[in-house]
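Undergrad: Have a look at the structure that comes next, please.
The values are calculated or read from the model by the stated rules, or taken from the named source; none is laboratory data. If you're wondering where the values come from, they're calculated on a predicted model, not measured in any experiment. For neighbour counting, all protein chains shown are included, and Cβ atoms are generated from backbone atoms with ideal geometry for every residue, glycine included.
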Amino acid sequence: MKVVRTVADLRTALSPGPGRAPRIGLVPTMGALHDGHLSLLAAARADCDQVVLSLFVNPAQFGRGEDLEKYPRDEASDIATAEAAGVDLLFAPQPEQIYPDGYDTWIDPGKVGTYLEGTARPGHFRGVATICAKLFLLVKPQRAYFGRKDAQQVAVVKQLVRDLELPMEIVACPTVRDADGLALSSRNVFLSPEERASALALPRALQAGLAAHRSGSDAVRAARAVLDAEPGLRVDYVAEADLDGPTLAAAVMVGSTRLIDNVLLDAEA
Ligand code: AMP
């Protein structure tokens, strides 16, 4: 596995050799790799000749007062994990590589980026869309892999690829969960054992919402009832939306940690 840290070295590492151009699969991440990330890498490995992983805690997608500084970072461990997962090329830039002095171009998603996470985190999807567009233009993958865990992000990135007519495909992979149902997230390390117990109300609420939907009643009401019964968390939103398919999505604060999760409402039982 090759590790590169600059745009120039990334371009060199990607320059095609003689013969057929490889099929490139890109997995963009913020690092602190877990099994959710590994599932994206496995999907890319199965489909593509060359797997490119980016590790970049993108300052542009964090708002003022959010957890940019304390976001978990463990590059040495991520490099070992990526190597074991069969990654060919790892791109781990510093912010100055991506946003050099004078950088001033932003991609602003439309309606799909304005509600739910877009309301709770103004500017978040502008940062996401901008870094994804930069990575797509630099790496020129045939496919880029994203997790359904961040369903609105999938919807934003698909809209970006469609609107800018980028010649690539976005692949949405299922959410990977711990045995207790909690969706894997780099932020789960912040949860104390008590907070983790409270956080389990989030997947429970979504399952209750899904069951209600299947029996013809209101998914949002059913999910909210479960969340409201858990004193250890504060509900940010519970809502149905078309996020790359009809989705029940929720965000909660558990202590100072913000967690999001969702279920597809039209998935097979
Ligand atoms: P992050 O490093 O949190 O920005 O996530 C990088 C990619 O991994 C995004 O496409 C996420 O949606 C995806 N991802 C994060 N957690 C999970 C999970 N539990 N299951 C599947 N994909 C995930």
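Undergrad: Here is a check on your reading of the model: is ALA80 over 12 Å from GLY25 (Cβ atoms), surrounded by fewer than 15 Cβ atoms within 10 Å (Cβ to Cβ), among the small types (Gly, Ala, Ser) and free of Cβ contacts under 8 Å to residues at least 24 places away in the same chain?
TA: yes
Undergrad: So is ALA172 crowded, with 17+ Cβ neighbours inside 10 Å, outside any helix (DSSP H, G or I) and of a type outside the set (D, E, K, R) or not?
TA: Considered against the rule, which asks whether it is crowded, with 17+ Cβ neighbours inside 10 Å, outside any helix (DSSP H, G or I) and of a type outside the set (D, E, K, R), ALA172 comes out as yes.
Undergrad: Filter region 2-38 down to residues that are surrounded by 15 or more Cβ atoms within 10 Å (Cβ to Cβ) and assigned to a strand (DSSP E or B), then give me how many there are.
TA: 8
Undergrad: Which is modelled with pLDDT of 95 or more and within 14 Å of the ligand (Cβ to nearest atom), of LEU137, LEU116, LEU55?
TA: None of the others qualify; the one that does is LEU55.
Undergrad: Same structure, new question: Where residues in region 41-55 are touching a residue at least 40 places away in the same chain (Cβ under 8 Å) and among the charged types (D, E, K, R), which of them is nearest to PHE91 (Cα to Cα)?
TA: Among residues in region 41-55 that are touching a residue at least 40 places away in the same chain (Cβ under 8 Å) and among the charged types (D, E, K, R), the one nearest to PHE91 (Cα to Cα) is ARG45.
Undergrad: Would you mind finding the one in GLY63, GLY36 that is modelled with pLDDT of 95 or more, within 18 Å of LEU259 (Cβ to Cβ) and away from the ligand (no atom under 13 Å from the Cβ)? Don't jump to the end; show me each part of the working.
TA: On the way: GLY36 fails: away from the ligand (no atom under 13 Å from the Cβ).
Testing whether each residue is modelled with pLDDT of 95 or more, within 18 Å of LEU259 (Cβ to Cβ) and away from the ligand (no atom under 13 Å from the Cβ) leaves just GLY63.
Undergrad: Would you mind telling me which numbered condition in (1) under 30 Å from THR6 (Cα atoms); (2) touching a residue at least 60 places away in the same chain (Cβ under 8 Å) GLU195 fails?
TA: (1)
Undergrad: Looking for something in contact with a strand residue (DSSP E or B) (Cβ under 7 Å, 6 or more places away or on another chain) and away from the ligand (no atom under 16 Å from the Cβ) - is there at least one such residue anywhere in region 184-199?
TA: There is at least one residue in region 184-199 that is in contact with a strand residue (DSSP E or B) (Cβ under 7 Å, 6 or more places away or on another chain) and away from the ligand (no atom under 16 Å from the Cβ).
Undergrad: Anything in region 90-122 that is part of a loop (DSSP other than H, G, I, E, B), farther than 28 Å from LEU41 by Cα and either free of Cβ contacts under 8 Å to residues at least 60 places away in the same chain or not hydroxyl-bearing (Ser, Thr, Tyr) (or both)? List them, or say none.
TA: Once the filter is applied, which keeps residues that are part of a loop (DSSP other than H, G, I, E, B), farther than 28 Å from LEU41 by Cα and either free of Cβ contacts under 8 Å to residues at least 60 places away in the same chain or not hydroxyl-bearing (Ser, Thr, Tyr) (or both), region 90-122 yields PRO100, ASP101, GLY102, TYR103, ASP104, THR105, GLY110, THR114, PRO122.
Undergrad: Which of the residues belonging to region 39-54 are touching a strand residue (DSSP E or B) at 6+ places or on another chain (Cβ under 6 Å) and either assigned to a strand (DSSP E or B) or over 24 Å from ARG177 (Cα atoms) (or both)?
TA: The answer is CYS48, GLN50, VAL51, VAL52, LEU53, SER54.
Undergrad: Would you check which residues across region 144-165 are within 11 Å of the ligand (Cβ to nearest atom) and of a type in the set (Asp, Glu) and list them?
TA: ASP150
Undergrad: Given the condition over 16 Å from the mean Cα position of the chain (by Cα) and either in contact (Cβ under 8 Å) with a residue 40 or more places away in the chain or within 11 Å of the ligand (Cβ to nearest atom) (or both), answer yes or no: does some residue in region 166-183 qualify?
TA: Yes - at least one qualifying residue is present in region 166-183.
Undergrad: For the subset of region 198-221 comprising residues that are in contact with a helix residue (DSSP H, G or I) (Cβ under 8 Å, 6 or more places away or on another chain), without any contact (Cβ under 8 Å) to a residue 40 or more places away in the chain and not aliphatic (A, V, I, L, M), which member is nearest to VAL252 (Cα to Cα)?
TA: Looking at residues that are in contact with a helix residue (DSSP H, G or I) (Cβ under 8 Å, 6 or more places away or on another chain), without any contact (Cβ under 8 Å) to a residue 40 or more places away in the chain and not aliphatic (A, V, I, L, M), I get ARG204.
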